[in-house]
Each structure stands twice: as C-alpha cells, then as structure tokens.
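K.L.:
This is the structure I have questions about; it appears just below.
The values are calculated or read from the model by the stated rules, or taken from the named source; none is laboratory data. All of these numbers come straight from a predicted model, not from anything done at the bench. Cβ: placed from backbone, ideal geometry, glycine included. Neighbour counts: every protein chain shown. Ligands, DNA and RNA are excluded from the accessible area calculation, which covers all protein heavy atoms including side chains. Shrake-Rupley method; radii C 1.70, N 1.55, O 1.52, S 1.80 Å.
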Amino acid sequence: MTSLLSRIDSPTDLRTLERSQLKVLAAELRTFLIQSVSQTGGHLASNLGVVELTIALHYIYNTPDDRLVWDVGHQTYPHKILTGRREAMANLRKAGGIAGFPKRDESEYDTFGTGHSSTSISAALGMAVAAKAQGSNRRSVAIIGDGAMTAGMAFEALNNAGDMDTNILVILNDNDMSISNNVGALNNYLARLMSGKLYDSVRRSGKKVLDIMPPVKEFARRAEEHAKGMVTPGTLFEEFGFNYIGPIDGHDIDTLMDTLGNIRQLQGPQFLHVVTQKGKGYSPAEDNPNKYHGVSKFDPQNGHSLSHNERPTYTQIFGDWLVDMAAADDKLVGITPAMCDGSGLNLFAEAYPQRYFDVGIAEQHALTFAAGMACDGLKPVVAIYSTFLQRAYDQLVHDIALQDLDVLLAIDRAGLVGADGPTHAGSFDLSFLRCIPNIVIMAPSDENECRQMLTTGYHFPGTAAVRYPRGSGIGASISPTLESLPIGKAQLVRQGKKIAILAFGSMLQPALQAADTCDATVINMRFIKPLDEAMVLEMARTHDYLLTVEENAIMGGAGAAVMECLQAHGLVKPIRCLGLPDQFIEHGNHETMLAACGLDKDGINAAIEKLISE
C-alpha cells in the first residue's frame, strides 16, 4: 500500500495532510486506480481525469456536511477511495460489493444516487434550497461533465438556479477542451482573481449602485461580459445568472485549492470551469479515452484486455446489420444520443458519415429529431439503451407513435446488465412500450433472429422496437441476407405434453433446458406486440398448464399480455408468469442475478412444480 493513501480513510484524514503533500497523494491515488480497475473492470479514463479535483474538493469542503453531487457517477472512484472505501474497491461492481456509481445507502458521502446524466445541478440546487430553508450554511456542489451539459435538463436547472439566491457551485469538468492550448497561467491567475473576495465585493457593490441607473447598468454588464469573453468562454453562464470563473487547469492542484477556497466563501450561484484530460497519467487511456471509458479486466503494464470472447455481441450484430441495411436503402439514417461506441454505430459512422447523427446526451431530442426526419421521407434508426429510452417516453408516445411515424428503435441492454446495476438495467421497456398504440415490439432469442427482427422492424411502415440483451448470444449462425419475419407470428420450438412454456427473447434457452426435465412444449413467442393470440389460445386449449418467461418486470410485461389474451377469450387456465420481481435488482454477475430471479433452468422447473402442486 502506498504511504500517503494508506493513511486516508476519510476526508478528515485527508485534511490533516500538508498542501505540499497533495501532489504525491494524487500520484498514489492514480496508481491505485489503475491497479484496482485492472482487477475488477469498470470505468477508468474518466476517473483518472478527476483525481486532483476530487482531492481538492474533499480538502476544501467540509464533506459530508457540504454536499458533493457527482453527475452520472462514472468519475466517482477517487471519491469512493477517499471516503473510506479503498479496501472495498477490490469487490467493485461484484455481488455484495460496492456499486460503480454513487449510492445513498452505501455511504453518507454519496449525497445523491446517479447513473443517468445531467441530474446533478437540479439535485444540488434542491439541496441548496433546503440548506437555506433550514438556516444552514452548508454548501452544495454539482460536478458535471461537458457531455452531460448537452442535455436539456442541465440547462433547465441552470436557468432556475441562476434566478435563485442560493449558495450553489456548479463545476464544469471539461475534458474535451485542450488543456495546453486553451488553459494556462493567465486563465489560472484570472480564476484566482475572479473568485476572490475583493472582486466579488466590487462586483456586488457595483451592481447595487447601477440598479438605480438601468441604462448604465446594462452598458456595464455588457462591458464586463465582453471583457471576460476576451479570455474566458463564460458569457453564456453569466447570462444564466452565475458568476463564471475559469477555465482553469484541473490537474493544477494549487490553482484548484486556491480557487475552490475562495469560491467557498462567496454567496450566490457560482460556476467554475475546470479543464481535465481523460485517462490522465496512464498513456493507453490518454491515447484512446473512449476505449478505456469502460473496461473489463486488463493488464496494467500494457493496457491489453484479459477478457476474450469470440462470439459477437448483440451490439455488434446490430452494428453490422445497420451497415448492410444502409447499403440497401439510402434513406436510412442512424441516430444515437452520445452512445456511438456503446450502441455499435462505429462502422456505420465511418461508412456513412453524412447519414450518422450523434445528438449528444439528449434522448428526448433524439426521438423527436427522428420523428421530424420520418415526416419528410427518411428512415431513422435510433440506437438507444433501454434504461435511457425511459428518459424520452413522452417523445415516443406523443411525437412518434401518436403520429404513426416510421421509426425503428434498436433497444440495447434490455433486461439485467450485470455489474452496472439497477441504474442501467433495462427492466421495464416491455411494460412501458406495450401500452402504446401503433407500435410493434420484438425480442430475439438469438443473434440471427436479432438481425431478422431488425430487418422486420425497418420494413414495417410504422413505429417498431427490437429489444436485445447486453453481451453475446448463444453462438447461432448468422445469415448475411436481410430477411424479415412474419409480424406477430410465434414459433413452436419443442413439442411436449401438459405444460407449455411461452418464452420471450433471451429466455428461450433456459426454457428449453427446463423443458427437457418436464417434457414441456416450448414456444419462441418472438413478438410481444402484436401477440400471437392464435398460438396462445392453441397452447391453452391443448395443455394443462401455461408458463410465461421474460427478462422484464413481471408487472405489465409480456406475461401480462398473455393473461389479458386468455381473459379476453374467456379462457381460465392455470398459469404462472416468471420475470423480474417488483424491486430494483443490485449489481452482480448476470447469470447469478437471473438465477436469483428464478429465470434459469432450475428456477423455471421449480415454478412448474409449484404451479402443478397448487
């Protein structure tokens, strides 16, 4: 264990260090991060970029009384390490271990649970208002990245916060701006100056005097903005009502300490622009920060991954299909809300740059943007994670489905997602999609069926959704052709007796494994909407028991659709629906999580035995 870091079990310990020791601590913390994440996997580049900032924040602010709200949470490993969870990093993202994101029930220093982007300013503002209402002098700090600042929610919060007399600090962690070219000694000096009490006093006093002379006040305001604008990009944030400071070098710990120390004494909304480098201090991550954003286990000496999977992932299946379909139809356009790598659009973006649109972290905009394209003859394919589609539900209902527009949703990470936990699980998409009119919903059971369903959804002249899981499939042979499936038709996969298992999507394989034990009929349902009612009714009439299996919330899911079908036709049949229980399921190994939910071979057999015995 490194000498300084081993002594830090809380921010109180951190504050006992001399300021001169903090650079050494930063180097030790960075080394620890690389070694730790290489053993567990997780987010790396973003965490390496905020080491100095995290140290400075916990040194200057009286955490946990002062509130630090981290946006998204990808960059909170240094925060976890400095707040008593250094040893727990060995079990990061494992079942029973600490989460990869902030969690309120994990530590008092995790003031707000995150996982989705652009929530920090709203949450920190709420905390600042609460502090004011309680007569407390505690401070609230939101740390948000330049990517998360593209979302409308962040700007809604800025607009609200700038109009309120609350002690909130928004730190923009900008790792897209060049440090060497755009941030230097002059900016660091100006940040110290603009965050100082003298500047703040003159600024506030001058505004009071100018309040009685509106024309002069307006002239002075614009003069100040233009003067700042010559050396800083802060005019926009000043317009929102913030006192803008920066940009400063986020790896210059002395400047960070001086600037944050000054800001903590100021009143009202403050905005600090900090420039950092993703992957700082680890050359493989510096050279390719996207590759090292989220990593599996790797060799820290050279950065090479230790995980080897020869099967293509569903994400890769989608990416290959998109390129092939684009070659066949020049009306196809691909849209992603800042998830090019994660959603598998890399090859498409390279092959068809004029037809590729990354709209930033703006899921709502992505869907309405697609709707506008569909209105005028293009064929948009929106690649989006299930968990992020939740953020654009109104746009899906109001702007796409209501107008019956020709948009295909390629929904990745459907079902449980293992180590990323409940914030990223796609547990609810079947439930919230199924109730929307004018939509076709499909779930593939293997890689080739995924390709066929994407083709089916693309050719369907309306709104269609294909939801597929994270990771690799079963190793099915993939046809290079672009074949469609008959819409709303299920597939008899195994003929058995007495018991019929209706399997949706990824649950076909465990259903088949269970069927060998109890000689059950197995149906690959394929379509959640329209449901193959004829197949459901035939199974109900020819079998004594029905069992539905899905990797989605039981409530309102595919099983519920089957029961609604039976009820509509006046059929009463012993039936059990298996799926995700009515709770948020914590992170862990995907297979173990499914087993705990009764969605493996043994769980399905146990459910069948219980159904028969009852």
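K.L.:
Once you list every other residue whose beta carbon is under 14 Å from the beta carbon of Glu609, what net charge do they have if Lys and Arg are +1 and Asp and Glu are -1? Mind showing how you got there, number by number?
P.N.:
On the way: positive: Lys498, Arg576, Lys601, Lys610; negative: Asp519, Asp544, Asp602, Glu614.
Local charge sum for Glu609: 0.
K.L.:
When a/c is below 1.5 the answer is rounded, else prolate if a/b is larger than b/c, else oblate, so apply that to region 316-471 with a ≥ b ≥ c taken from the square roots of the Cα gyration tensor eigenvalues. It would help to have the intermediate numbers written out before the result.
P.N.:
Working: a/c = 1.31, a/b = 1.10, b/c = 1.19.
Rounded is the answer for region 316-471, as its axis ratio a/c remains below 1.5.
K.L.:
With n ≥ 4 as the cut-off for DSSP H runs, can you work out [θ] at 222 nm for the chain, using -39500 (n - 2.57) per run divided by the number of residues, rounded to the nearest 500? Don't skip to the answer; put the middle values down first.
P.N.:
Values: 26 runs with 243 residues, N = 614.
Calculated from helices alone, the mean residue ellipticity at 222 nm is -11500 deg cm²/dmol.
K.L.:
For Ser3, Ser38, write out the residues from largest to smallest accessible area, computed with a 1.4 angstrom probe and no ligands counted. Display every interim value, and only then the final one.
P.N.:
On the way: Ser3 75, Ser38 0 Å².
Largest accessible area first, the residues go Ser3, Ser38.
K.L.:
What ³J(HN,Hα) values, in whole Hz, does the Karplus curve 6.51 cos²θ - 1.76 cosθ + 1.60 give for region 544-556 when θ = phi - 60°, with x put for Gly and Pro?
P.N.:
Running phi through 6.51 cos²θ - 1.76 cosθ + 1.60 with θ = phi - 60° gives 7, 9, 10, 9, 10, 9, 8, 9, 7, 3, 4, 5, x Hz.
K.L.:
Could you work out the local net charge near Thr276, counting Lys and Arg as +1, Asp and Glu as -1, over the other residues with Cβ closer than 11 Å to its Cβ?
P.N.:
Working: positive: Lys278, Lys280; negative: Glu52, Asp146, Asp174, Asp176, Asp249, Asp252.
For residues surrounding Thr276, the net value is -4.
K.L.:
Let me ask another. Report the full-extension gain for the segment Glu586 to Gln513: residue separation times 0.36 nm, less the Cα-Cα distance, to one decimal in nm.
P.N.:
Values: separation 73, 0.36 × 73 = 26.28 nm, distance 2.60 nm.
Extra length from Glu586 to Gln513 when fully extended: 23.7 nm.
K.L.:
Still on this structure: Short version: ³J(HN,Hα) in whole Hz for each residue of region 428-442, in order, from phi by Karplus 6.51 cos²θ - 1.76 cosθ + 1.60 (θ = phi - 60°), x for Gly and Pro, what are they?
P.N.:
With coefficients 6.51, -1.76 and 1.60, one gets 10, 5, 4, 5, 7, 7, 4, 7, 8, x, 6, 9, 9, 10, 10 Hz.
K.L.:
Taking 0.36 nm per residue of separation and subtracting the Cα-Cα distance, what length does fully extending Leu611 through Ile474 add? Mind showing how you got there, number by number?
P.N.:
Details: separation 137, 0.36 × 137 = 49.32 nm, distance 2.89 nm.
Fully extending the segment from Leu611 to Ile474 adds 46.4 nm.
K.L.:
Further question: About the Cα centre, and with charges only on the beta carbon of Lys, Arg (+1) and Asp, Glu (-1), how big is the dipole of region 240-375? Nearest 20 debye, please. Mind showing how you got there, number by number?
P.N.:
On the way: 8 positive and 16 negative charges, 60 e Å.
The calculation lands at about 280 debye.
K.L.:
If amide H atoms are built 1.01 Å from N in the plane of the peptide, which residues on other chains or at least 5 residues away come under 5 Å of the amide H of Lys529?
P.N.:
Ile441
K.L.:
Please list, in chain and number order, the residues 5+ apart from His43 or on another chain whose amide H is under 5 Å from its amide H, with Hs placed from the backbone.
P.N.:
Val295
K.L.:
If you roll a 1.4 Å probe over the heavy atoms of the protein chains, what accessible area per residue do you get for the chain, in Å²?
P.N.:
Values: 24780 Å² over 614 residues.
Spelled out: the 1.4 Å probe surface of the chain, per residue, equals 40 Å².
K.L.:
Now for a different question. Taking the Cβ-Cβ separation of Ser296 and Leu378 as r and a Förster radius of 45 Å, what is the calculated FRET efficiency to the nearest 0.05? Don't skip to the end; give the middle numbers.
P.N.:
On the way: r = 37 Å, r/R0 = 0.81.
That gives a FRET efficiency of 0.80.
K.L.:
Taking amide H atoms as placed 1.01 Å from N in the peptide plane, list the residues 5 or more away in sequence, or in a different chain, whose amide H sits under 5 Å from that of Leu571.
P.N.:
HN-HN under 5 Å from Leu571: empty list.
K.L.:
Can you tell me the dipole magnitude for region 1-85 around its Cα centre, using point charges on the Cβ only (Lys, Arg +1; Asp, Glu -1), in Debye to the nearest 20? Please list the in-between numbers first.
P.N.:
On the way: 8 positive and 8 negative charges, 25 e Å.
Once rounded to the nearest 20, the dipole reads 120 debye.
K.L.:
Please report the net charge: other residues with Cβ closer than 15 Å to the Cβ of His543, K and R +1, D and E -1. Let's see the in-between values first.
P.N.:
Numbers: positive: Arg494, Lys497, Lys498, Arg541, Lys573, Arg576; negative: Asp519, Glu538, Asp544.
My count for the surroundings of His543 gives +3.
K.L.:
Sort 468-480, 164-176 for me by packing, meaning the mean count of neighbouring Cβ atoms within 10 Å per residue, highest on top. Can you show the working numbers first?
P.N.:
Working: 468-480: 16.5, 164-176: 21.9.
The packing order, highest mean first, is 164-176, 468-480.
K.L.:
Then there's this: Taking the Cα centre of the chain as the origin and placing charges on Cβ (Lys, Arg +1; Asp, Glu -1), which of Ala123, Leu256, Pro469 is farthest toward the positive end of the dipole?
P.N.:
Leu256
K.L.:
Mind running the shape call on region 477-614? Use the C-alpha gyration tensor, a ≥ b ≥ c as the square roots of the eigenvalues: rounded below 1.5 for a/c, prolate if a/b tops b/c, oblate otherwise. Kindly include the intermediate steps, with their values, before the conclusion.
P.N.:
Details: a/c = 1.34, a/b = 1.05, b/c = 1.28.
The shape class here is rounded.
K.L.:
Please state the relative contact order of region 435-526 as a whole percent: Cα pairs under 8 Å, 6+ residues apart?
P.N.:
Numbers: 161 pairs, mean separation 29.1, N = 92.
Relative CO of region 435-526 lands at 32 percent.
K.L.:
Given 0.36 nm per residue, what is the gain on full extension from Ser10 to His304 after removing their alpha carbon distance, in nm? Show your work: numbers first, answer last.
P.N.:
Values: separation 294, 0.36 × 294 = 105.84 nm, distance 3.29 nm.
Difference between extended and current length: 102.6 nm.
K.L.:
Separate question: By accessible area of protein heavy atoms, probe 1.4 Å, what ranking do Leu594, Leu396 get, highest first?
P.N.:
Numbers: Leu594 20, Leu396 0 Å².
Greatest to least solvent exposure: Leu594, Leu396.
K.L.:
Go through region 261-273 residue by residue and turn each phi into a ³J(HN,Hα) via Karplus (6.51, -1.76, 1.60, θ = phi - 60°); whole Hz please, and just put x for glycine and proline.
P.N.:
x, 5, 4, 4, 8, 7, 9, x, x, 10, 10, 10, 9
K.L.:
What does DSSP give for the chain in terms of the percent of beta bridges that are antiparallel, rounded to the nearest 5? Working shown, then result.
P.N.:
Numbers: 10 of 65 bridges.
Given both bridge residues lie in the chain, the antiparallel proportion sits at roughly 15 percent.
K.L.:
Give the shape of the chain as rounded, prolate or oblate, defined through the alpha-carbon gyration tensor: a ≥ b ≥ c are the square roots of its eigenvalues, a/c under 1.5 means rounded, and otherwise the shape is prolate if a/b is larger than b/c and oblate if not. Mind dumping the intermediate values first?
P.N.:
Values: a/c = 2.17, a/b = 1.79, b/c = 1.21.
Because a/c hits 1.5 or more and a/b exceeds b/c, the chain counts as prolate.
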